[in-house]
Amino acid sequence: MNSTATTVGTYLRDLPPDRRVAMARVCSMIRRSARGVRESMRYGLAFYELDGPLFALESGRRHMSLYVAEQEVVVKHKESLPGVNVQRSFVKFSDLNRLPLDIVEKIVRDSVAARRTRATQGALPTQAELLKLWAIKEEAVQVPVPVAKTAAAPAAKAEAAAKSAPPAPAKAAKSAKAVKASKSTKSAAAPAKPSAKPAVRAIAGAAGARKAVAASKR
């Protein structure tokens, strides 16, 4: 399992419940039994260092692996528990409900003692040597580089907004022109109302003429 977690706590929190509990117990036991170790996340594994890498813990799909830097310690305890790989110097735990913590604690304590002896002799293993021993390929567990999102320039944003916005003002102007034209058409089509004043004048004139004729006859 190649984790991208940056702390062991985050690494454990992301695991399924069964593996989380098992890993947490081993991590706690290592910190308690190997005083002075430095805990960190490296190469997608939980690393424990004391004058260089000393242990590494890895969570598989259905197992957990403990990598041990002091290979002679693994050889010493190979008959004490199953899942020991002497060639690659690690122990594979398949039954997470029955961890042999007493034997693991002995491995941890013996490894600390062997590491301190190496330190006095100036014969500490290098990180490259341990990665090769544990068959861990550095390039296969690199954390992917996050992709940074670049913000668009203000002018580009304004242009994009203008293109995407509906042309509401133009539609409104067209609608206003259409209404105005419709009113003009209706005004032109409506017939003019005849004026009543000329008719009234004509009637009055005819009445005056009849009166004048009658007077002359008298």
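Applying the criterion of being in contact with a strand residue (DSSP E or B) (Cβ under 6 Å, 6 or more places away or on another chain) and surrounded by 15 or more Cβ atoms within 10 Å (Cβ to Cβ) to the residues of the stretch 40-50, the residue that is farthest from residue 5 (Cα to Cα) is 49. Residue pairs whose Cβ atoms lie under 6 Å apart, sitting 6 or more positions apart in sequence or on different chains, and linking a residue in the stretch 92-120 that is closer than 15 Å to residue 70 by Cα and surrounded by fewer than 16 Cβ atoms within 10 Å (Cβ to Cβ) to a partner that is charged (D, E, K, R) and at pLDDT below 95, are 119/51. Residues in the stretch 91-142 that are in contact with a strand residue (DSSP E or B) (Cβ under 9 Å, 6 or more places away or on another chain), small (Gly, Ala, Ser) and part of a helix (DSSP H, G or I): 111 alone.
The values are calculated or read from the model by the stated rules, or taken from the named source; none is laboratory data. What you see is a predicted model, and the numbers here were worked out from it, not measured in a lab. We place every Cβ from the backbone using ideal geometry, glycine too, and count neighbours over all the protein chains shown.
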